[in-house]
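**Q** To start, I am sharing the structure in question, which I have written as structure tokens.
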Amino acid sequence: MNVFRNILAVLVIGLVVSCTSQDANGTLDQQAVLEALGELDQALIDRDSETLSSITASNLTYGHSSGNIQDKQEFIDDVMNGPFRFVSITNEDQSVTISDNTGIVRHILSADATNAGNPAKVRIGIIMVFQKNENNEVVLLARQAYKL
């Protein structure tokens, strides 16, 4: 009977440790995704290359509503040196879906911006995929915009 209790205790402890480490290392929550999205939006407005680099995955794929697709370096270079500049960003009709360590965000992005110094308004649909990386940080893995 003592052997059975010891085996049961070890199994229960192992299960608790397994669930705890899975949550700490893998499972993502909605709040973490929304914080990462807010950080990304602010970095786009501020043209903050350091934050853009830290908040995006090394294998980022960033799709524009024009059909242009950029990798991480192209995306950051475009934000920092391109003619388009965000002034403000508002995300409307937003939904977040979580699956383990992945978060999918859908929303309508409305923004005031400038393009080559001229005022511009943007209203596009967006789907974004955030994921916890190997350092347990929430990063943007993929983004695709589409015309409304």
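The values are calculated or read from the model by the stated rules, or taken from the named source; none is laboratory data. Computed from a predicted model, the values in this text were never measured in an experiment. Heads up, the Cβs are rebuilt from the backbone with ideal geometry, glycines too, and the neighbour counts pull from every protein chain shown. Ligands, DNA and RNA are excluded from the accessible area calculation, which covers all protein heavy atoms including side chains. Shrake-Rupley method; radii C 1.70, N 1.55, O 1.52, S 1.80 Å.
**Q** So which of S65, S54, S21 ends up being modelled with pLDDT of 95 or more and either loosely packed, with under 15 Cβ neighbours inside 10 Å or in a strand (DSSP E or B) (or both)? Steps first, please.
**A** Details: S65 fails: either loosely packed, with under 15 Cβ neighbours inside 10 Å or in a strand (DSSP E or B) (or both); S21 fails: modelled with pLDDT of 95 or more.
Step by step, each of S65, S54, S21 is checked, and only S54 is modelled with pLDDT of 95 or more and either loosely packed, with under 15 Cβ neighbours inside 10 Å or in a strand (DSSP E or B) (or both).
**Q** A follow-up question, please. Considering each of A142, A116 in turn, give the residue that is of a type in the set (G, A, S) and closer than 17 Å to S58 by Cα.
**A** Going through A142, A116 in turn, the sole match is A142.
**Q** Given the criteria out of contact with any strand residue (DSSP E or B) (no Cβ under 7 Å at 6 or more places or on another chain), open to solvent by 50 Å² or more (accessible area, probe 1.4 Å) and either farther than 20 Å from G38 by Cα or modelled with pLDDT of 95 or more (or both), does N118 qualify? Spell out the reasoning first.
**A** Numbers: out of contact with any strand residue (DSSP E or B) (no Cβ under 7 Å at 6 or more places or on another chain): yes; open to solvent by 50 Å² or more (accessible area, probe 1.4 Å): yes; either farther than 20 Å from G38 by Cα or modelled with pLDDT of 95 or more (or both): yes.
The answer is yes for N118.
**Q** Still on this model: Give just the number: which of (1) over 21 Å from N135 (Cα atoms); (2) open to solvent by 20 Å² or more (accessible area, probe 1.4 Å); (3) modelled with pLDDT of 95 or more does L44 not satisfy?
**A** The number of the failed condition is (2).
**Q** Oh, and also: Take the residues of the stretch 71-99 that are touching a strand residue (DSSP E or B) at 6+ places or on another chain (Cβ under 7 Å) and touching a residue at least 40 places away in the same chain (Cβ under 8 Å): which is farthest from V129 (Cα to Cα)?
**A** Initial filter on the stretch 71-99 (touching a strand residue (DSSP E or B) at 6+ places or on another chain (Cβ under 7 Å)): 71-72, 75, 78, 83-97.
Filter again for touching a residue at least 40 places away in the same chain (Cβ under 8 Å), leaving 86-89, 91, 96.
Details: F86: 21, V87: 24, S88: 22, I89: 18, N91: 15, V96: 10 Å.
The extreme case among them is V87.
Here's the yes/no breakdown for (1) surrounded by fewer than 15 Cβ atoms within 10 Å (Cβ to Cβ); (2) under 20 Å from G67 (Cβ atoms):
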| position | (1), (2) |
| --- | --- |
| T90 | yes, no |
| G103 | no, no |
| I108 | yes, yes |
| Q131 | no, no |
| E134 | yes, no |
| V139 | no, no |
| Y146 | yes, yes |
